[in-house]
Amino acid sequence: MNFIWLDWAMIVAFLLMTTGIAFLTRRLISDYDSFLLAGRSLKLYLGMATMGATELGLVTLMYFSEQGYKSGFSAFAIGVIALLGFVFVGKTGFIIKGLRELRMHTIAEFFGLRYSRSTQIVAAIITFAAGLMNMGLFLVLGAKFLLYMVGLPPEALPYLMVGLLMLVLVYTVVGGMVSVVLTDYVQFIILFTSVVLTTYFAITHVGYDAVVAAVQTEHGAGGFDPFLSDDLGWLFIVWLVFGLPFTGMWPPALSRALSTVDSETSRKLYGFIGLSFLGRALMPMMWGICAFTYFAGAHAVPLPLVDGAPDTAAAMPVYLSQILPSGLRGLVVAAALAALMSTFDSYLLCWSSILVNDIVLPLKPHLKDRQKILLTRLSVVGCGLFVLGWGYLYSPPETFFRFMAITGTMYSASVLLTTAMGLYWKKANTPGTLASLCVAGALPLTTIFLDGSGIVPPAYEWMIEDKVVGIATFVASLVFVVVFSLLTQKSHPPKVLTPAGAGGN
Amino acid sequence: MMGWQTAWTWIFGIAVFLFFLVEIVVVVGGARDIGDMMRSLTQQASDEGKDG
């Protein structure tokens with residue numbers, strides 16, 4: 001056990017504070033909007049706090065540090081592309097401004113307005129499936145971090161996963177978005193401060209020159225040049241660039257933009273908080289590179305094994321558990337819990353709202369607010385149980401970040417690309433959109449379920465590699481929506497968006 | 001390789017600075033926004049209570 005009483009005291013204080021907020025804010029939930037979107041009363045800075053805390057999850061720290069461990073400085077290219085994406089969205093308001101002006105609750109709702117009810121349901125199912133698979137690894141990665149930081153035995157992993165799930169479910173189900181927003185603010189402060197402090201300790205322990213030398217020795221030029229990297233390479237960069245216009249539009253982040261007081265605040269939100277997204281990626285990556293340097297040295301503790309191979313995802317927490325001073329270790333674990341909870345609660349609430357708003361409500365439109373809240377709470381519990389099972393049973397073929405990227409592509413190449421077409425291309429219609437949704441929703445499943453399974457002959461394995469499938473998904477989706485829309489203009493004339501909600505709050 | 005290494009070092013420094021800057025701005029501005037949100041939601045909840 002790596003912890004002393006001071007570390008435990010910090011964690012207990014943090015947990016009491018966050019669950020207390022959830023119960024105290026319960027009386028403020030008067031209707032479905034206040035449960036799900038905090039009554040659309042989010043102003044700029046609080047919106048930034050909640051988006052920053054949501055998007056800097058424990059899973060984010062884990063997958064970025066693992067990527068840094070495996071790719072060295074080349075992994076920084078991922079953070080730079082994310083920053084460029086945020087600057088683009090922040091400057092142009094691409095997609096988010098249009099959706100906010102139309103007063104959408106969720107992105108799939110737009111499909112009902114612009115295309116048809118069936119398209120809305122298909123888009124919602126794809127979003128829901130991609131999101132659940134993506135979220136499926138949150139618990140296992142979060143539990144791994146805590147396991148190695150605290151110094152618990154590996155057998156404790158499933159119990160830790162169940163414990164974390166219970167904790168998040170309690171205050172998400174009880175409080176809804178108001179408690180999520182308030183706890184996000186507290187978590188934002190703890191989280192951002194801890195990330196900066198940890199970066200300082202991670203670098204100074206091994207020394208920056210040693211870090212550069214270790215990457216140079218082990219990775220060569222590929223440790224710095226992402227185009228030469230064995231792990232990444234130019235195909236990977238091209239894939240990320242395809243997704244650049246859709247940066248930060250994963251539904252939980254988008255729900256923050258839709259919760260703001262007006263469309264201009266939504267746009268500003270992306271512009272400002274996007275500035276922190278470079279650090280959000282680069283700092284945990286640096287922890288991973290420092291861990292790599294530490295484990296390459298002679299005095300390191302042994303790296304845990306998974307199926308006989310080194311567990312690269314465990315490198316960062318094991319490293320931090322060895323180098324952080326007592327007290328700070330407790331603060332970092334409290335911050336990690338904050339990161340896990342702020343992300344997990346928002347994601348649970350988001351996927352549940354998609355299930356209720358875009359799959360159930362189009363089929364049963366006369367549900368009362370009380371029934372909708374109950375249904376959302378039940379689906380929060382259901383999603384949580386799925387995540388528990390998926391995280392325990394599924395292992396991604398490549399790094400965790402690359403799994404996140406392919407599930408992200410499943411959503412962005414289908415749902416976001418057709419949303420953009422619906423907003424900015426008058427000829428986009430229902431058949432074109434449905435064709436695009438189906439092809440882009442299905443293609444990534446090949447890499448998710450077949451890559452590494454041994455089913456595909458070795459000569460054809462490149463075809464199901466995530467980079468190839470990711471690029472093919474974007475290209476196929478665009479081709480399908482354009483070609484099918486143009487071919488069916490007469491039989492299915494495109495709907496014209498009525499500007500009734502435009503300009504309103 | 002030296003070029004990439006120098007560029008990443010600078011970019012990392014900028015990333016840490018921007019991260020810290022955003023934190024300070026958000027913490028100060030967010031405290032004010034919380035007050036506004038609570039007032040708005042309390043008002044909304046009390047209006048709902050009066051309506052029925």
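We did not get these values from a lab; they are worked out from the coordinates using the rules stated. Just so it is clear, the model here is predicted, and its values are computed rather than measured. When we count neighbours, we look across all protein chains shown, and the Cβ atoms used for this are built from the backbone with ideal geometry, even at glycine.
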If you place +1 on the Cβ of every Lys and Arg and -1 on the Cβ of every Asp and Glu, how big does the dipole about the Cα centre of region A:297-439 come out, in debye to the nearest 20? 640
Please arrange A:LEU160, A:LEU269 by counting, for each residue, the other beta carbons lying within 10 Å of its beta carbon, fewest first. A:LEU160, A:LEU269
Please order B:TRP10, A:TRP239 by the number of other Cβ within 10 Å, starting at the fewest. B:TRP10, A:TRP239
Length gained, A:LEU235-A:TYR424, 0.36 nm per residue minus C-alpha separation, equals 65.2 nm
Put in order of increasing Cβ neighbours within 10 Å, starting from the fewest, A:THR488, B:THR6, A:THR473 give B:THR6, A:THR488, A:THR473
Pairs from A:LYS426/A:LYS490; A:LYS427/A:LYS495; A:LYS97/A:LYS268; A:LYS43/A:LYS268; A:LYS144/A:LYS467 whose Cα-Cα separation, in the structure shown, is over 18 Å: A:LYS144/A:LYS467
For chain A, what is the Kirkwood hydrodynamic radius in Å, using each pair of distinct C-alpha atoms? 23.1
Net charge contributed by nearby residues that have their C-beta within less than 10 Å of A:PRO362 (K/R +1, D/E -1): 0
Quick one: net charge around A:TYR45, please, counting Lys, Arg +1 and Asp, Glu -1 for every other residue with C-beta under 14 Å from its C-beta. 0
For B:VAL16, net neighbour charge (Lys/Arg +1, Asp/Glu -1) across residues whose Cβ lies under 14 Å away: 0
Please state the relative contact order of chain A as a whole percent: Cα pairs under 8 Å, 6+ residues apart? 31
Going by average Cβ neighbours within 10 Å, how do the peptides A:292-299, B:26-33, A:434-441, A:181-188 rank, with the highest at the top? A:181-188, A:434-441, B:26-33, A:292-299
Quote the FRET efficiency, to the nearest 0.05, computed for A:SER453 versus A:THR204 with a Förster distance R0 of 51 Å and r equal to the Cβ-Cβ distance. 0.75
Using alpha carbon positions and the Kirkwood radius, the Rg to Rh ratio of region B:1-41 is 1.40
Under the Karplus curve 6.51 cos²θ - 1.76 cosθ + 1.60, θ = phi - 60°, whole-Hz ³J(HN,Hα) for region A:324-337, x wherever Gly or Pro sits: 6, x, 4, x, 5, 4, x, 5, 5, 5, 4, 5, 5, 5
Using a 10 Å cut-off around each Cβ of peptide B:28-40, what is the average number of partner chain Cβ atoms that fall inside? 6
Compute the distance from the alpha-carbon center of region A:391-427 to that of region A:291-352, in whole Å. 26
Relative to a virtual label point 7 Å from the Cα of B:ILE14 in the Cα→beta-carbon direction, which members of region A:75-105 show backbone nitrogen distances below 13 Å? A:77, A:79-85, A:87
Cα gyration tensor of region A:116-161, axes a ≥ b ≥ c as square roots of the eigenvalues: rounded (a/c below 1.5), prolate (a/b > b/c) or oblate? prolate
